[in-house]
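The values are calculated or read from the model by the stated rules, or taken from the named source; none is laboratory data. Quantities reported herein were computed from a predicted structural model and do not represent experimental measurements. Positions of Cβ are backbone-derived with ideal geometry, glycine not excepted, and every protein chain shown enters the neighbour counts. What goes into the accessible areas is simple: the full protein's heavy atoms, side chains included, and nothing from ligands, DNA or RNA. Shrake-Rupley method; radii C 1.70, N 1.55, O 1.52, S 1.80 Å.
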Amino acid sequence: MLTDPIVALATPPGRSAVAVIRLSGRGVFGIAQRVIPSFRADPPREARLAAFRDASGQLLDRGLYLVFPGPRSETGEDMVEFHTHGGLQVPARVIAAIEAAGARPAHPGEFTRRGVEHGKLDLLQAEGLGDLVEAEAPAQLRSALHQLEGGLSRRIGELRDALVELLALLAYDVDFPDEDDGVIPRERIEAARADVARRIDQLLATAPLAERVRRGALVVLAGPPNAGKSSLFNALLGTSRALVTEIPGTTRDAIEAPADFLGWPVRLVDTAGLGETTDRIDAMGQEVSQRYAAAADLVLLCDPDSGGPGALNPDRVLRVRTKADLGGSGGTVAVSAVTGEGLDTLRRLVAERLFAGGVTLADLEPVLTRERHRVALTRAAAALASARPEVASGGDAVLASHHVQEAVRALDTLIGVIDVEDVLDRVFASFCVGK
């Protein structure tokens, strides 16, 4: 466990009123003393105005500092926060002075990782914190907050407790077979095993929807040239993101942008028109369109009479009649980028199709939001399935215990009960430095 002093900017660089610099680790109060001549560690958690100076005594800035003695800090270590003026120069010069005084630059996510290692939060909560920072839509925000508050951690903890109780039943069966109370009926043990297996399967069933919420559903606009795809793309975004002309084939490449459909996150993609190719570049653009359509969670087919790109699953196609202001018929929904007709209806239909219809934002806790979660729960489910023959048919209780212990270990990797360096590295690699 690393405890050496680390420093990083915790706010985005650039023009701003205030910049926050975080310093954490062993000996940080002494380091802060070398940058803040008037530094005092007591009383803690109290903002104090001070001058920040480099080793030569040159004034760098005047700002606030706060002291957070461990373990009552975010990292569990001694921490100091420097609140400087914003911009590029001032925070950079203060950080340079702190590094010269003995700290090193933090790695991405290292502050949060130290919090995990010191028991301030578990791995699932840390991932929720990362998702909270990245959230772009209300559903993503709510899901991340639920995870940060420990909703998924509690569910995993309950499953782990049930597995430990199952292990206790099996241990009694192995160690005390001749007790006066008699051997524990295998039916009771199997009922306990089946119950926790069912609960794991229920949690696994949340993964597809939850992962879609976290990453945003991929919604692709497809159809022939000049079908109004780019106009609809711009209208749904509320901004002119794609070029629109009356010339067929204006869009040659895929254009992706995030959107919010009734609070649900969508990655909206405008693609090149499909049809007869006119040149090599047009052919390349249509190949890209085909790939996006194949990978899409939902294709908005902007020509109701078209068969669509390739042999798409009808469940992944929503037929849209564009240019409704010019008349015509057909399509599941009619829209107009000019008048706004049908846009809200289209957003609602997309949200219902992609996010389980009646599911509300309040139903998102707890769920499996990452592939890592699904893999671990799948391992646990497989281990319990392997234990079933040994439990249900009066087989080897020792072998059944081995399988149940494997299920426990799978859950432990989720919450970080065991120290798995490669799991920690993977979780925090995508964090920003100041986190």
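What FRET efficiency do you get for residue 398 and residue 215 if R0 is 35 Å and r is their Cβ-Cβ distance, rounded to the nearest 0.05?
Between residue 398 and residue 215 the formula returns 0.25.
So, by mean Cβ neighbours within 10 angstrom, what's the order for 52-63, 111-122 with the highest one leading?
With the highest mean Cβ count within 10 Å placed first, the list reads 111-122, 52-63.
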Starting at the first residue of region 76-86, write each ³J(HN,Hα) from the Karplus equation 6.51 cos²θ - 1.76 cosθ + 1.60 with θ = phi - 60°, in whole Hz, x for Gly and Pro. x, 10, 5, 9, 10, 10, 10, 9, 9, 5, x
So between residue 341 and residue 379, what do we pick up on full extension, going 0.36 nm a residue minus the alpha carbon distance? 8.8 nm
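Using the heavy atoms of the protein chains and a 1.4 angstrom probe, tell me the accessible area per residue for region 39-125 in square angstrom.
45 Å²
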Residue separation times 0.36 nm, minus the C-alpha to C-alpha distance between residue 165 and residue 55: what's the value? 33.7 nm
Taking protein heavy atoms only, a 1.4 Å probe, and rounding to whole percent, the accessible area of region 66-126 owed to carbon and sulfur comes out at 57 percent
Of region 58-102, those with amide N under 19 Å from the point 7 Å along the Cα→Cβ vector of residue 45 are 65-83
